[in-house]
Amino acid sequence: MKKLLISGIIAIFAMQLVQAATICDAKMSLAEARLNLMMMVMSTEKIEQDALKAEIDAASIGLEKAMTAMLKDENKTDDVQLTTLQDTWAAFKNTRETEIVPAIRAGNNDKAIAIATGIQGERMEIMNNVVQALNGDNCD
């Protein structure tokens with residue numbers, strides 16, 4: 001009985017660590033994607049833009065993996081928050097790929113900056129708020 005109780009406690013602790021790590025992974029990847037996007041918006045050098053785009057793509061993959069893990073988690077507590085995060089990310093990523101990156105590639109960084117600091121800034125705030133609501137403040 002004692003072994004069963006200890007095993008249960010360890011399992012609960014491990015699940016909490018996995019959940020925290022996943023939320024923290026999402027928080028970190030989201031910040032990296034945004035930071036590199038803002039750096040890309042400011043860049044006028046194609047080589048630098050390409051390197052930053054690779055960093056953006058890597059951070060995006062990390063965020064999407066974390067979101068997938070959170071959605072599959074049997075112990076998830078807030079489907080609405082996770083859906084909001086996923087939907088907002090999809091809009092953010094779509095705007096980035098269809099509007100911001102093409103504007104940068106065309107040399108229209110002013111347009112890219114306007115989009116990145118406008119609607120994308122609003123979406124970023126929503127996503128950060130969701131991560132915080134999902135206990136992302138325990139990542140520091």
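Points to keep in mind about this one:
- Candidates 116, 112, 91: the one that is under 21 Å from residue 52 (Cα atoms) and in contact with a Leu (Cβ under 8 Å, 6 or more places away or on another chain) is 116.
- Within the stretch 123-140, being over 14 Å from the mean Cα position of the chain (by Cα), part of a helix (DSSP H, G or I) and of a type in the set (D, E, K, R) holds for one residue alone: 137.
- Count - residues of the stretch 116-140 that are at pLDDT below 95, surrounded by fewer than 19 Cβ atoms within 10 Å (Cβ to Cβ) and of a type in the set (A, V, I, L, M, F, W, C): 2
The values are calculated or read from the model by the stated rules, or taken from the named source; none is laboratory data. What you see is a predicted model; the values in this text were computed from it and never measured. Note that each Cβ is placed from the backbone with ideal geometry, even for glycine, and that neighbours are counted across all protein chains shown.
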